[in-house]
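None of the figures in this text is laboratory data; all of them are computed from the coordinates on show. All values derive from a computational prediction rather than experimental measurement. Virtual Cβ from ideal backbone geometry, glycine too; neighbours counted across all protein chains shown.
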Amino acid sequence: MKIGVPHELTAFEWVRQCMACLQSAMPGLEWVSHPERSAAHAPSLSEGDACHPYKKTIRTALALAPDVDALFIPRLVALDGHLMCPNFRALPDLVRLNLDHALGAKRPKIIDTVVEIATHEDTRAALERIAVGIGIEFDQEKLGNASAQHASHPSPQQVHRISHIPEERGRIALIGHPYILADPALNLDVPRRLRDHGYEPVTAEHIPFAELDRLASSRDYYAKTLYWRGARECLGAFLHFMKDPRIDGVIYLISFNCGVDALMRVELASLHKTLQKSSGRRLPFMTLVGDENIQHEHVATRLEAFLDIVEAQS
Ligand code: SF4
């Protein structure tokens, strides 16, 4: 059975682990993440003024639909005990609405299990609900074992750790939502552009969320407790990199029309000033706003200007 999952969603470690666990308990399962046909031109209704990552995820799901037996579009409400952006709750509904319009009765089944995870037991229960939703036979014991194993050994990370980067290469930390950091169409191709300039991009992907959350907690107080998981992840990563002497600069990659990012860019700019003053260390910081209609010359110019400042500091 072929199940499509938009590759934008596979940027979440929980989703990748979930796919691996289900695979081990359902040998006949085949995951398909990248559509064979062009996702950019898949027709999409009701996009309104949504952010680019959201629109792109819907388009990828629509492009996958004709080639798969079912689509896995979990209704992500909370991960690690923290709320996800509300867009993710409506994602399965928007995909269904579009597919009903485009394919009618021929549309594949949509597995839209509610995912609200705070503990390992929540993951185990969600995996069983997803397996039942898929509707093919599965080995309950294998599913339980795979889920326990992933809880104790998280999946290998996709990026190189900073310690593996040769000393002579400059290092620029990139922070942002995982689907933005993982996708050149969403991150303005900044990782590739940095490499072309002789710098190595570094992300916080190798740092467990619990550690990023612990760092973010240091900025929590009664009126300013960040409850969005994505915001805590970005704040934790920013605080981590601001203290790392091996980092030469920090770039915050955000999406136009994102409420979470709009709040965080103000928060991080102010925090950057405060931390520079208290540490006495000047570490260049820049926010880059992405959208599908972005001018790539503009990105190149901003990046060159930023790297000039980085070089002047070193
Ligand atoms: S957190 Fe921001 S970028 Fe991500 S889906 Fe929500 S609005 Fe879009």
Pairs to check: Lys55/Lys243; Lys55/Lys273; Lys2/Lys106. Give those whose C-alpha atoms are more than 26 Å from each other in this structure.
Lys55/Lys243; Lys55/Lys273
Along the Cα-to-C-beta direction of Val114, a point sits 7 Å from the Cα; which residues of region 130-149 have their amide N less than 14 Å from that point?
130
Cα-projected label distance for Ala20 with Asp196, points at 7 Å along beta-carbon direction, nm:
3.4 nm
Net lengthening on full extension, Gln140/Lys277 (0.36 nm per residue, minus Cα-Cα)
43.8 nm
The chain: angle of helix 13-25 to the longest principal axis, Cα-based, in degrees nearest 10:
30 degrees
FRET efficiency for Lys243 and Ala90, using Cβ-Cβ distance with R0 set to 30 Å, rounded to 0.05
0.20
For region 203-314, just say rounded, prolate or oblate: build the C-alpha gyration tensor, square-root its eigenvalues into a ≥ b ≥ c, call rounded for a/c under 1.5, and beyond that prolate if a/b exceeds b/c, oblate if not.
oblate
Low-density loop cleavage sites - chymotrypsin sites (Phe, Trp or Tyr not before Pro) in region 254-314, where at most 14 other Cβ are within 10 Å (DSSP)
none
Whole-Hz Karplus couplings 3J(HN,Hα) for region 300-313, θ = phi - 60° and coefficients 6.51, -1.76, 1.60, Gly and Pro as x, run 4, 5, 4, 5, 4, 4, 5, 5, 4, 5, 4, 5, 5, 7
Stretch Ala148-Tyr222 to full length: gain in nm at 0.36 nm per residue minus the Cα-Cα span?
23.1 nm
Helix 52-64 sits off the longest principal axis of the Cα atoms of the chain, rounded to the nearest 10 on a 0 to 90 degree scale, by 30 degrees
Relative to the chain, whose Cα atoms define the longest principal axis, helix 120-134 and its Cα axis are tilted in degrees, nearest 10, by 50 degrees
Region 88-139 and region 236-314 have their Cα centres apart by a whole-number Å value of 36 Å
In nanometres, the difference between 0.36 nm per residue of separation and the alpha-carbon distance of Ala210 and Ala102 is 34.7 nm
Assign one of three labels to region 70-211, namely rounded, prolate or oblate, based on the Cα gyration tensor with a ≥ b ≥ c the square roots of its eigenvalues; rounded applies when a/c is under 1.5, prolate when it is not and a/b is larger than b/c, and oblate otherwise.
oblate
Separation in nanometres of the label points that stand 7 Å from Cα toward Cβ, at Glu36 and His298:
3.8 nm
Sorted by packing (mean other beta-carbon atoms within 10 Å per residue), highest first, where do 2-8, 202-208 land?
2-8, 202-208
For the chain, rounded, prolate or oblate, judged on the Cα gyration tensor with a ≥ b ≥ c (square roots of eigenvalues), a/c < 1.5 rounded, else prolate if a/b > b/c?
prolate
About its Cα centre, how strong a charge dipole does the chain have in debye, to the nearest 20, once Lys and Arg get +1 and Asp and Glu get -1 at the Cβ?
500 debye
For Ile111, what residues show an amide H to amide H distance below 5 Å, using hydrogens built from the backbone and excluding near sequence neighbours?
Leu71, Phe72, Ile73
